[in-house]
Amino acid sequence: AIPQFQRAIELNPNYSDAYCNLGLAYMKIQQEQLAFEKWQLSLKVNRNHGPTHLALGEYYKSKKNNRKAVAHLLECIRLMPKAHEPHELLALIYLDQRLHRSAAPELQEVLKLAPKKSISYKRALYALGTVYHNENMLDKAAALYGRLLELEKHHVRALINLGSINFQRGELEKARMHFERAYAVDTSNQWLASQLEKLGRLLRGRRTTK
């Protein structure tokens with residue numbers, strides 16, 4: 001692909017798409033400096049090239065330069081309002097900084113914009129579920145984990161988290177069901193094994209006292 005993009009630039013030095021795609025091609029072969037230079041040239045040709053702002057946002061995120069990453073991603077959102085990718089990257093930046101309340105609206109945008117059943121959509125369901133879980137908004141968290149399990153029934157972390165919510169609510173049968181489903185996938189998980197043993201004792205105790 002690299003020679004084709006180079007040829008396209010030779011034919012049209014103002015072809016911002018070609019500069020952007022050439023940068024992406026260089027990134028695939030770990031030529032970061034060359035990629036960065038091509039993206040800079042892309043913005044020199046067209047300051048309002050949304051895909052280049054997205055590429056630079058991801059680049060700066062990988063370098064832990066969150067200030068520049070956020071600036072490019074916000075510009076991408078302005079230029080490409082129907083794209084889910086910049087919202088997903090922003091959410092990841094905020095989650096890394098434990099800014100859960102800033103991450104939540106970005107994840108909600110991903111759920112509005114990303115194709116249903118896509119990896120980005122499923123990741124957003126889980127991430128937003130954990131945000132609500134951490135904020136003790138259990139109904140919202142459980143609903144999101146449930147939606148994720150409709151798409152990916154063997155998602156271990158969603159099963160564990162939903163089982164934990166059931167346990168917190170005293171819904172021991174539901175908790176055991178979700179933990180059993182998770183353990184069937186991850187049989188080496190000692191924590192799940194201990195939780196199932198604990199639930200077995202609690203349920204037997206309930207039956208004894210009735």
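The values are calculated or read from the model by the stated rules, or taken from the named source; none is laboratory data. Keep in mind it's a predicted model, so treat the numbers as computed, not measured. Virtual Cβ from ideal backbone geometry, glycine too; neighbours counted across all protein chains shown. These area figures cover heavy atoms from the full protein model, side chains too; ligands, DNA and RNA do not enter into them. Shrake-Rupley method; radii C 1.70, N 1.55, O 1.52, S 1.80 Å.
With respect to (1) surrounded by fewer than 20 Cβ atoms within 10 Å (Cβ to Cβ); (2) under 29 Å from Leu22 (Cβ atoms); (3) among the hydrophobic types (A, V, I, L, M, F, W, C), the lone exception for Leu95 is condition (2).
In the stretch 15-37, the residues that are over 12 Å from Ala1 (Cα atoms) form Cβ pairs under 6 Å with partners that are outside any helix (DSSP H, G or I), at six or more places apart or across chains, as follows: Ser16/Asn46; Ser16/His49.
Here the stretch 169-180 is the region considered, the condition is being not in a helix (DSSP H, G or I) and not acidic (Asp, Glu), and the residue that is least open to solvent (accessible area, probe 1.4 Å) is Gly170.
Confirm whether Arg47 is modelled with pLDDT of 95 or more and either closer than 20 Å to Ala143 by Cα or open to solvent by less than 80 Å² (accessible area, probe 1.4 Å) (or both). In short, no. Restricted to the stretch 1-40, and to residues there that are exposed (fewer than 14 other Cβ atoms within 10 Å of the Cβ) and aliphatic (A, V, I, L, M), the residue that is nearest to the chain's Cα centre (by Cα) is Ile29.
In the stretch 181-210, the qualifying residues are those that are of a type in the set (D, E, K, R) and under 26 Å from the mean Cα position of the chain (by Cα), and the one that is most open to solvent (accessible area, probe 1.4 Å) is Arg181. Met80 - would you say it is without any contact (Cβ under 8 Å) to a residue 24 or more places away in the chain and of a type in the set (A, V, I, L, M)? Considered against the rule, which asks whether it is without any contact (Cβ under 8 Å) to a residue 24 or more places away in the chain and of a type in the set (A, V, I, L, M), Met80 comes out as no.
Conditions tested, residue by residue: (1) over 18 Å from Gly129 (Cβ atoms); (2) of a type in the set (Gly, Ala, Ser); (3) in contact with a helix residue (DSSP H, G or I) (Cβ under 6 Å, 6 or more places away or on another chain).
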| site | (1), (2), (3) |
| --- | --- |
| Phe167 | no, no, yes |
| Lys174 | no, no, yes |
| His178 | no, no, yes |
| Asp186 | yes, no, yes |
| Ser194 | yes, yes, no |
| Leu199 | yes, no, yes |
| Arg204 | yes, no, no |
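Considering Arg78, Arg101, Arg123, Arg67, the condition of being basic (Lys, Arg), within 28 Å of Lys174 (Cα to Cα) and part of a helix (DSSP H, G or I) is satisfied by Arg123 alone.
Asn166 falls short on exactly one of the conditions (1) assigned to a helix (DSSP H, G or I); (2) under 22 Å from Lys116 (Cβ atoms), and that condition is (2). In the set (1) touching a residue at least 24 places away in the same chain (Cβ under 8 Å); (2) within 30 Å of Lys140 (Cβ to Cβ); (3) open to solvent by 50 Å² or more (accessible area, probe 1.4 Å); (4) not in a helix (DSSP H, G or I), the condition left unmet by Glu58 is number (4). Scanning the stretch 157-180 for residues that are under 24 Å from the mean Cα position of the chain (by Cα) and not hydrophobic (A, V, I, L, M, F, W, C) gives Arg157, Asn161, Gly163, Ser164, His178. Against the test of being open to solvent by 60 Å² or more (accessible area, probe 1.4 Å), outside any helix (DSSP H, G or I) and not hydroxyl-bearing (Ser, Thr, Tyr), the options Lys112, Lys117, Lys140 yield a single qualifying residue, Lys117.
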